[in-house]
Amino acid sequence: EILIGLVGSEMCIRDSLLDNGHKEVGYLRGSFRIKGFRSRFVGFQTALKKRKVPYKEYTVTLGTSLNSAYQDMLEYLKTSPKLPTAFFADNDMIALGAMKALREMGYRIPEDVSVAGFDDLPFSEISTPALTTLRVPNREMGKMAVRRISEMIEGIGTDAVIKTQVCPKIVYRNTVKKL
């Protein structure tokens, strides 16, 4: 098993949001819960606890496609909620959809609200503004998985379950404001 969600989200929250002075950080939660999303939420909570930043209920559940995240965020924003200074999203698709809705409702990113994503999809680099996100080393993870499967087939090594932790890299772009 290769673990990246918990470590990656904790690192992203800490380095890109908390280190920039954000004390009210919201969570853009995908409506379809996969194991990676659950790990990212645990990392989100861990980062806040370690910095003694209280977790306030700024969680918004959004669809996991670009369009459904946009539509859900638009509906949420129409209720005129109090927004945090920053949001961390389960993935870039959710972040990009939410950003579109925020802009459409008159919010400026990052001046009014900062946004950070996860995955570093190609769209993240060309969005306006370009999304701060975590780059997951997919190629390296694939190589490690193939190597491990080959070892298992050839009977090399151990039958023990091996967990490998891969640290993603924060890609700083233009969606996080320093407070």
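Assorted remarks:
- Secondary structure note: in the chain, about 15% of the DSSP beta bridges are antiparallel.
- In Å², nearest 10: area of residue 44 left accessible to a 1.4 Å probe: 0
- Residue of 131, 17, 48 that the Gaussian network model of the chain assigns the largest fluctuation, springs spanning Cα pairs under 10 Å: 48
- Looking at the chain, the accessible area is 52 square angstrom per residue; that uses a 1.4 Å probe and ignores ligands, DNA and RNA.
- The C-alpha radius of gyration of segment 29-106, expressed as a fraction of 2.2 N^0.38 Å, stands at 1.09.
- Each Cα pair under 8 Å and six or more residues apart adds its separation to the average, and for the chain the resulting relative contact order is 27 percent.
- Entry for percent of Cα pairs over 25 Å apart (calculated from the structure that is shown) out of [x] 46; [y] 33; [z] 37: [y]
The values are calculated or read from the model by the stated rules, or taken from the named source; none is laboratory data. Remember, predicted model here, so these are calculated numbers, not experimental data. For accessibility, only protein heavy atoms count, side chains too; no ligands or nucleic acids. Shrake-Rupley method; radii C 1.70, N 1.55, O 1.52, S 1.80 Å.
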